[in-house]
Amino acid sequence: MNKSKVYFTDMHTHDGYSLLDKLEKLITKAGIGEIDFNKRFAVIKIHFGEPGNLSHLRPNFARLVVDKVKNLGGIPFLCDCNTLYTGRRKNAIEHIESAAENGFNLYSCGCPIIIGDGLKGTDDVEVPVEGGEYFKTARIGRAIMDADIFISLAHFKGHEATGFGGAIKNTGMGCGSRAGKMAMHNDGKPVVDQDKCVNCKKCAKECAQNAISFDTGKAYINHDKCVGCGRCIGACNFDSIYNATEGAFDVLNRKIAEYAKAVTDKRPCFFINIVNNVSPFCDCHGQNDLAIIPDVGLFASFDPVALDVACADACNNMPVIEGSRLSKQLEEFGNKGDHFHNCFHETNWRSTFEHAEKLGMGTQKYELITIK
Ligand code: SF4
Ligand code: SF4
C-alpha cells in the first residue's frame, strides 16, 4: 500500500493568524472539500470531556469544523455515545449537561448535540464488521450510523489501556453503544496486587458495576460483576490494579479497530487529531494530570491509521515534561520503549494499528505534509 498523506500544522501563531485559522487551512488542504456534503447529515464524533477534566478539546475547535461542514453544504451535529462506567456521561441527560458545562452547546458550537446511543445507551444498530476476527457485527450508536458522513475530531492524549487515544479510539470505542463497549472490554478483567494496595478505596468510587469489595482490608475485584472497563486501573495511584490476562490489552486494541472499521465502512470519512494537553490519562477521568509532553499541533487525514501513527511518532519526538507521570515512570523504571508505553507498561498501542491495517482501514506508512 502507498503512503497516506497526513497534514500537520504546529502550534505557532502570529498576528491575525490564529490556531483556528490554521485548523481551517489544515482541513482544507487535507481535502475535506472533496467530500460531497450537499444536504447530507455529517456526524462530528467528539469527546466532550468528563466534568472536572480540563484537558479535553475546547469547543472552539468543534465550532470551526461545524462551520466548515455548513459552508460545504452539510448538516452537522456533534455526537458521542454514553459511557460504560459511572460518571456524568452515562445517560443522554447527564451527558448533554456535562457537555454544556464544558462549553459545548448549540450556541457555542453552532449545531445540535446528539447522544449517539440514546437516553440510556441502548439505541444501537448492528453493523457488519468486514474481515472481523472478534466480531461479525458491531453495536454502534444509531445516530452515528444514520449520518451520511463521518468526521472524527479527536483529542490525542494518553490512555491507561490503549496507550493513547486518537482517531481509531474515538471512532471504535467512542461510537460503541453500552453493549458495544462491553463487548470490546470484556476480555481483560483486572486483579489487585494485595501487597501494593493501601485500602484507599479510590478504585471502588470509579466502578459502576460495584465489583470491588474490601472484606479483607484490601481491594478485591469480583469477576462475576466486573465488565472489564479498566476504569479502576487508572484510578489507583499505587499501581495496585493490573490486567492479569496476558495480551488482554492487545485484544482490546484489536476489537477497537474492528469497531472503527464498522463505523467507517462504505461512507465518506475524515479524521482530525488535536495534539495538545497530552495528559497521561484519557478525558473520561474527572481530572487531568500534568501533560507528559509539550503541545505538538493539529493533524488531519482521510486515513485514521496513518493519522494516529503520525501523531504518536510526533509525540515520541517531543521532550518529556519534568514532574509528569512520564518523567516519574522513567526515573523509577527506566526507558522501556516509547512515551506511551513508558507511561503504562502493559499497553501496546501498535497492536491496534497492525490490526487496523490488516482490516484494510489504512496504512501505518505516511507522508507528513506541513502547513504553515
Ligand atoms: S485504589 Fe488502589 S490502593 Fe486504593 S484501594 Fe483500590 S487497589 Fe487499593
Ligand atoms: S472492577 Fe474495574 S474493570 Fe471491573 S467493572 Fe469495575 S472499574 Fe471496570
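We did not get these values from a lab; they are worked out from the coordinates using the rules stated. Computed from a prediction, not measured in an experiment: that's the story for all the values here. When we count neighbours, we look across all protein chains shown, and the Cβ atoms used for this are built from the backbone with ideal geometry, even at glycine.
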Go through the range 159-173 residue by residue and turn each phi into a ³J(HN,Hα) via Karplus (6.51, -1.76, 1.60, θ = phi - 60°); whole Hz please, and just put x for glycine and proline.
8, 6, 10, 10, x, 8, x, x, 5, 5, 5, 4, 7, x, 5
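Which FRET efficiency value, to the nearest 0.05, is calculated for residue 97 and residue 39 with the Förster distance at 30 angstrom and r the Cβ-Cβ distance?
The pair residue 97/residue 39 has a calculated efficiency of 0.45.
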If amide hydrogens are placed 1.01 Å from N in the peptide plane, which non-local residues have theirs closer than 5 Å to the one on residue 366?
4
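Starting from 0.36 nm per residue, how many nanometres of slack lie between residue 2 and residue 179 once their C-alpha separation is accounted for?
60.1 nm
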Computed on Cα atoms, the radius of gyration and Dmax of the chain in angstrom are 19.5, 62
Two-site label geometry, residue 208 and residue 11: point separation in nm, points 7 Å out along Cα→Cβ:
3.2
Please find the FRET efficiency linking residue 70 to residue 267, where r is the Cβ-Cβ separation and R0 is fixed at 22 Å, and quote it to the nearest 0.05.
0.70
Starting from the Cα of residue 369, move 7 Å in the Cα-to-Cβ direction to define the label point; list residues of the range 253-278 whose amide nitrogen is under 18 Å from there.
269-273
Distant-in-sequence amide H partners of residue 288 (H built 1.01 Å from N, under 5 Å)
54
Rounded if a/c under 1.5, otherwise prolate or oblate - the range 119-259, Cα gyration tensor axes:
prolate
Given axes a ≥ b ≥ c from the Cα gyration tensor, I'd like to know whether the range 45-137 is rounded (a/c under 1.5), prolate (a/b larger than b/c) or oblate.
oblate
Share (percent) of C-alpha pair distances in the range 189-244 greater than 13 Å works out to 49
Using only DSSP helix segments of four residues or longer, with each worth -39500 (n - 2.57), what per-residue ellipticity at 222 nm results for the chain after dividing by its residue count and rounding to 500?
-9500 deg cm²/dmol
Note, ³J(HN,Hα) from phi for the range 298-315, Karplus 6.51, -1.76, 1.60, rounded to Hz, x at Gly and Pro:
10, 10, 8, 6, 7, 10, x, 6, 4, 4, 5, 5, 4, 5, 4, 4, 5, 4
Using the count of nearby Cβ atoms within 10 Å as a rough guide to exposure, how do 212, 96 rank from fewest to most?
96, 212
Divide the volume of the convex hull of the Cα atoms of the range 188-290 by its number of residues and quote the answer in cubic angstrom per residue.
129
Note down the relative contact order for the range 189-244 as a percent, whole number, built from C-alpha pairs under 8 angstrom at least six residues apart.
50
Measuring from the longest principal axis of the C-alpha atoms of the chain, the long axis of helix 92-101 (C-alpha) lies at a number of degrees, nearest 10, equal to 70
Phi angles of the range 71-78, converted by Karplus (6.51 cos²θ - 1.76 cosθ + 1.60, θ = phi - 60°) into ³J(HN,Hα) in whole Hz with x for Gly and Pro, give 4, 8, x, x, 10, x, 9, 8
Where the centre of each part is set by its Cα atoms, how far does the range 291-366 sit from the range 175-223, in angstrom?
26
Long-range amide H partners of residue 157, meaning residues 5 or more apart or on another chain whose placed amide H is closer than 5 Å, are 165
Classify the range 219-372: rounded, prolate or oblate, from the alpha-carbon gyration tensor (a ≥ b ≥ c, eigenvalue square roots; a/c under 1.5 rounded; otherwise prolate if a/b is larger than b/c)?
oblate
What is the extension gain from residue 119 to residue 354, computed as 0.36 nm multiplied by their sequence separation minus the C-alpha to C-alpha distance, in nm to one decimal?
81.1 nm
Past the 30 Å Cα-Cα mark, which pairs from 189/328; 22/181; 120/189; 22/45; 201/261?
22/181; 201/261
